[in-house]
Amino acid sequence: MEGTAVAVCEILKYLIIHWKCETAGVSKGTLLEGQLVISIEALNSKHQTNTLHCVTTIASAGSIYGGLVLEKFLKEIQSTLPGFSAKLPWTSEEASSSQDISGVAPFQMTFEVHEKPRILMTNSLMIKDFLHKIVMVHPKIRFNFNVRVNGILSTELFGAKNEPTLNLSNGMALVVNYQHYVRAKSGTTEFFCSRIHPVLGPPVVLFIPDDVAGVDLLGELILTPAAALCPCPKVFSNQLNRISSVSIFLYGPSGLPLISPSREQPPTTVLKDTFCFIDWKKYHLCVVPNLDLNLDRDLVLPDVSYRVECSKEDQSQNMDPQGQTLLLFFFVDFHSGFQVQQMELWGVHTLLTTHLSTILMESHSVVQDSIEAAVDQALEQHHQAVKAHQKLQASLSVAVNSIMSIVTGSTSSSFRKSCFQALQAADTQEFGTKLHKSFHEIMQYRFLHHGSCEVKQQLLPEKNDAEQSTEDAHENSSLEFLAGTSRQVTNKRLKKGRLRHGVEDTRAFHSARAPSPSEAAPRPAEPTVTSLTPSRASPGSGLEDALWLQEVSNLSEWLSPDPGP
Amino acid sequence: MAFAPVGPEASFFAAVDQHRASLLAALRGGGAERAGGGPRPASSSQVLASIENVIRDIITSLARNEAPAITIDDRSSWENMKFEDSVGLQMVSHCTTRKIKSDSPKSVKNFALILKILSMIYKLVQSNTYTTKRDIYYTDSQLFGNQTVVDSIVTDVSCMLKVPRRSLHILSTSKGLIAGNLRYIEEDGTKVYCSCTTAVAVSSNIQGIWNLITDAKFLLIVEKDATFQRLLDDNFCSRMSPCVIVTDWENGVRFMNGCGLFRPVVCIVQFFPQSVPVFYHLKLKGKGVPDLNTRLLVKKLWDVFHVPIFTLVDADPHGIEIMCIYKYGSMSMSFEAHNLTVPAIRWLGLLPSDIKRLNIPKDALIPLTKRDQMKLDSILKRPYVTCQPFWRREMEIMADSKMKAEIQALTFLSSDYLSRVYLPNKLKFGGWI
């Protein structure tokens, strides 16, 4: 990881851990909510050619940093970033004495560094990915990321406040909008269930090998894996879906990405190898590491990625080449009988970023069981969906062929004529094509769209107090809908100066093109979803999971032999 | 009849003759034959037009961007049934319907299979050829899954198009056997002579048989083919001559190793594809319903001769159910009740009251299962039971005793008690209800 990116990420990690510890005593389990601003001001260096003098500012208003001891913070950050040459001066000493209307001092810190333009661009992309990863489990934190290069400003907002989520334990909620993980297939978006349906594996306690312990932990590390297919397996297309890739996301305590602080190590090496934990052969998946991870995209970047090689069977079955992605989330949390101290969490994070593979290997068997339990369930959904798709196609084919047989075999010209006229077909061939198309469209639309997971989720019963966060989201969404105005702009993504979701912006690194009206228009409000809090004792037992399992059950019923007409 | 063996003296049948006279009187009093209802044989062009209408409706729905559905009268609800003593169970004229939707995961396959069978019927009618439900199943057994799916769809299509099964050019495989004083000519000219010692398979084309001749005093429907066979072995038909006995082997358990097991049974293997060895290891479990051709034959014999018809069934809810289907029809075939039911049928045995009357040992009895009790309760609630107080009484005896008995229970009294004592006495003294 490069200098500025490492510094920003480590500072943010420290601040969020601090924030988490501060709020844990008050309202354990609630989602962190607040806004942080990260700004990089880069100007051509007067002393070195082709170099930018970068001033990075991290700021926030409100109570995020209540109780933060600035000297201690500075000391610990500097100890974490030994090779980091920039200073971390407080530039708002005056500001600390002036309090905002809430009575809490705003926070602001600045550091400076000289970097090549290309390095700065890479750093910016890494920071963006880091921020994106955080909001995937802390949807109520908003990051405002500004980069101004020689006066040209690029602004991007990260947040997922109004997006559908699956509540996890310990104040985290996984955003389940599939568009964060894979690109939408062109032309079929309207049929999509826009969510992933993560299945949690049973939580397992991780043992720390003696030789890597280093710190005395007064608690235990617990891994909770989650698996989901993306897009939702209920999404049908003309082609069968195959699993084409595997993406693994690693999260440590406090829902922070496990990114190595080492400047030399690329960020994807915290977990080197998953072959020890998942028997890919069991799932008939031939996976090969995918090293071609492109930071410059608007998807959240996996920590580990695999490409699934296409089998001969897949090729022969006209499988969709784009396929589905198996998403795996490893949430490693730290639990203690006492209130966890900030430095303890900081130490656990450091431990995990350097020794995750070793720690997982120590509990190899239970880790594998837990991960595979989640994957088994996720793939069961996939297999059910594939079977349902095949059955639908078979029924469609039988219906169409039977009608064609009657129409083409009829000696009644008036009957044939009326059929052709109804579908506006000139001849038998065109009639057959239109018949198949009509059937396919209607059937797919009816019970793939209307039977989608989202429709059912809108019919959820009232939520309980524990789901307050979602109620808020729902309420916001409803109000926005009623007002008919633009919603709170979240997760506005700017890529290569391309304006999305109507955010005011200028370009920084790349030449910008003027946004088209359609691109500039705010998106309609996302359907808001009830989040769920699966119990640790019974993973995947939330209401959303129940609905999803109901879907799978329906599929099973649909796949089971007919009891007879 | 010249071939008729010598039976008992004429006076033996006094009660039977008297019963027949009362039946004929009732017929005359009721305006001769009941008015015809239900589906009538349809011409080929009518069947083709009906199928074309179904297809046209589907295509019109598609053109309107609506998911097509096939509408069928709902024959699963008692609310759609009416009971007439002279006909049996019939569908009400404005019954509720059920839709087989194309846009429902649960019904899309059924929707497709109905279209598949419609297309097959369309071709059969066009080419004036016939097939059996079993043949249809074997055209794509993987697609249909099992035979009952085909059976059910064929019945649905018959109801939907309002034409009898035969007009669809689908024959049901005959599972019935007949013996006794009867001869007739089949549609293709084959002369069939039933005898008192050998059984003949019931024709698959009952509508086509003609020139029926019999001197039978009565017709006995036997629930089980094993009992039927035992009666033949005991020369029951000869000793009770002239009579006709019939059975429907679907209601018994039969193991067949080729056609030879039943002596000159007409081999119906011709209805099965050569490649399917179904006939050679056929095991038809009990708990079936009377097969269509046997019902049609019984109905035809009644319509032509008006001879008294008696049933010999197990004294259990299933036996009563079979008898009720012969007499009053079933819900699933209620749309064709006029062509199938024979309300003149009487219950000869085995009556639950016979168990006590004959001191059948308790060892020969079987406790009613929960399923039996549920079945019995359901029969007792049916509309036709109200006009059969003696039947109700027998069923209440069964319910009170919580026991059932098979016909074979009579063998505990004597091995030939059934054919030599029980049935002759019942016939002689009018022991039917």
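Does the stretch B:112-127 contain any residue that is over 21 Å from the mean Cα position of the chain (by Cα), open to solvent by 10 Å² or more (accessible area, probe 1.4 Å) and away from chain A (no Cβ under 12 Å)?
No.
Which number in (1) facing chain A (nearest Cβ under 8 Å); (2) assigned to a helix (DSSP H, G or I); (3) not β-branched (Val, Ile, Thr) marks the one condition that residue B:65 misses?
All conditions are met except number (2).
Examine the stretch A:459-467 for a residue that is facing chain B (nearest Cβ under 9 Å) and either modelled with pLDDT of 50 or more or open to solvent by less than 50 Å² (accessible area, probe 1.4 Å) (or both), and state whether such a residue exists.
Kept after step one, since they are facing chain B (nearest Cβ under 9 Å), are these residues of the stretch A:459-467: none.
Looking through the stretch A:459-467, none of the residues is facing chain B (nearest Cβ under 9 Å) and either modelled with pLDDT of 50 or more or open to solvent by less than 50 Å² (accessible area, probe 1.4 Å) (or both).
Of the residues that make up the stretch B:416-427, is at least one outside any helix (DSSP H, G or I) and open to solvent by 30 Å² or more (accessible area, probe 1.4 Å)? Walk me through it before giving the result.
In the first step, residues of the stretch B:416-427 are kept if they are outside any helix (DSSP H, G or I); the result is B:416.
So of that shortlist, the ones also open to solvent by 30 Å² or more (accessible area, probe 1.4 Å) come out as B:416.
Yes, the conditions are met somewhere in the stretch B:416-427.
If you check B:402, B:370, B:426, which single one turns out to be at positive phi, out of contact with any Asp or Glu (no Cβ under 6 Å at 6 or more places or on another chain), of a type outside the set (A, V, I, L, M) and modelled with pLDDT under 95?
B:402
As an exercise: evaluate residue A:271 against (1) modelled with pLDDT of 75 or more; (2) within 17 Å of residue A:223 (Cα to Cα); (3) touching a Leu at 6+ places or on another chain (Cβ under 6 Å) and give the number of the one condition it does not meet.
Status for residue A:271: all satisfied but (1).
To keep it simple, each residue is scored yes or no on (1) farther than 21 Å from residue B:46 by Cα; (2) basic (Lys, Arg); (3) in contact (Cβ under 8 Å) with a residue 24 or more places away in the chain; (4) touching a Ser or Thr at 6+ places or on another chain (Cβ under 7 Å).
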| residue | (1), (2), (3), (4) |
| --- | --- |
| B:78 | yes, no, yes, no |
| B:109 | yes, yes, no, yes |
| B:112 | yes, no, no, yes |
| B:127 | no, no, no, no |
| B:131 | no, no, yes, no |
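Applying the selection to the stretch B:68-91, what residues are more than 30 Å from residue B:26 (Cβ to Cβ) and not in a strand (DSSP E or B)? Talk me through it step by step, then tell me what you get.
Of the residues in the stretch B:68-91, the ones more than 30 Å from residue B:26 (Cβ to Cβ) are B:68-74, B:76-77.
Matches in the stretch B:68-91: B:68, B:74, B:76, B:77.
Enumerate the helices (runs of 4 or more DSSP H) found wholly within the stretch A:386-458, keeping only those where 2 or more residues are at the interface with chain B (Cβ under 10 Å from one of its Cβ atoms) and modelled with pLDDT under 80.
Working: elements: A:413-422, A:428-444, A:453-457.
Fully inside the stretch A:386-458 and qualifying: A:428-444.
For the stretch B:337-356, state whether one or more residues are more than 30 Å from residue B:159 (Cβ to Cβ), open to solvent by less than 50 Å² (accessible area, probe 1.4 Å) and hydroxyl-bearing (Ser, Thr, Tyr). Even if it seems obvious, please write down each step before you answer.
So in the stretch B:337-356, the residues more than 30 Å from residue B:159 (Cβ to Cβ) come out as B:348-356.
Narrowing the set further to residues that are open to solvent by less than 50 Å² (accessible area, probe 1.4 Å) leaves B:348-355.
Subset that is hydroxyl-bearing (Ser, Thr, Tyr): B:353.
Yes, there is a match, as at least one residue in the stretch B:337-356 is more than 30 Å from residue B:159 (Cβ to Cβ), open to solvent by less than 50 Å² (accessible area, probe 1.4 Å) and hydroxyl-bearing (Ser, Thr, Tyr).
Just to check your reading of the model, which residue among B:92, B:47, B:54, B:87 is more than 14 Å from chain A (Cβ to nearest Cβ), open to solvent by less than 70 Å² (accessible area, probe 1.4 Å), touching a residue at least 24 places away in the same chain (Cβ under 8 Å) and not hydroxyl-bearing (Ser, Thr, Tyr)?
Values: B:92 fails: touching a residue at least 24 places away in the same chain (Cβ under 8 Å); B:47 fails: more than 14 Å from chain A (Cβ to nearest Cβ); B:54 fails: more than 14 Å from chain A (Cβ to nearest Cβ).
So the residue among B:92, B:47, B:54, B:87 that is more than 14 Å from chain A (Cβ to nearest Cβ), open to solvent by less than 70 Å² (accessible area, probe 1.4 Å), touching a residue at least 24 places away in the same chain (Cβ under 8 Å) and not hydroxyl-bearing (Ser, Thr, Tyr) is B:87.
Would you say residue B:59 is farther than 26 Å from residue B:291 by Cβ and within 13 Å of another protein chain (Cβ to nearest Cβ)? Before you say what the answer is, go through the steps one by one.
Numbers: farther than 26 Å from residue B:291 by Cβ: yes; within 13 Å of another protein chain (Cβ to nearest Cβ): yes.
Yes: the conditions hold for residue B:59.
I'd like the full set of residues that are among the aliphatic types (A, V, I, L, M) and farther than 20 Å from residue A:201 by Cα, limited to the stretch A:353-390.
Pass one, the stretch A:353-390, residues among the aliphatic types (A, V, I, L, M): A:356, A:359-361, A:366-367, A:371, A:373-375, A:378-379, A:385-386, A:388.
Matches in the stretch A:353-390: A:385, A:386, A:388.
Restricting attention to the stretch B:197-210, and to residues there that are under 18 Å from residue B:226 (Cβ atoms) and outside any strand (DSSP E or B), which single residue is most open to solvent (accessible area, probe 1.4 Å)?
B:197
Being more than 8 Å from every other protein chain (Cβ to nearest Cβ), in contact (Cβ under 8 Å) with a residue 60 or more places away in the chain and open to solvent by less than 20 Å² (accessible area, probe 1.4 Å) is the requirement here; does residue A:363 meet it? So that I can check it myself, show each step before the final result.
Values: more than 8 Å from every other protein chain (Cβ to nearest Cβ): yes; in contact (Cβ under 8 Å) with a residue 60 or more places away in the chain: yes; open to solvent by less than 20 Å² (accessible area, probe 1.4 Å): yes.
Here the answer is yes, as residue A:363 does meet what is asked.
Could you please give the count of residues in the stretch A:163-182 that are under 12 Å from residue A:198 (Cβ atoms) and outside any strand (DSSP E or B)?
The number of residues fulfilling the criteria is 4.
Take the stretch B:99-111 and flag every residue that is touching a Lys or Arg at 6+ places or on another chain (Cβ under 7 Å) and more than 7 Å from chain A (Cβ to nearest Cβ).
B:107
Considering B:188, B:156, which residue is open to solvent by 50 Å² or more (accessible area, probe 1.4 Å) and either of a type outside the set (Val, Ile, Thr) or within 14 Å of chain A (Cβ to nearest Cβ) (or both)?
Numbers: B:156 fails: open to solvent by 50 Å² or more (accessible area, probe 1.4 Å).
Exactly one residue qualifies, and that residue is B:188.
The values are calculated or read from the model by the stated rules, or taken from the named source; none is laboratory data. Everything numeric here is computed off the predicted structure, so don't read it as measured data. No Cβ is skipped: glycine too gets one built from the backbone with ideal geometry, and neighbour counts run over all protein chains shown. The protein model used for the area step is the full one, side chains on, heavy atoms only, and it has no ligands, DNA or RNA in it. Shrake-Rupley method; radii C 1.70, N 1.55, O 1.52, S 1.80 Å.
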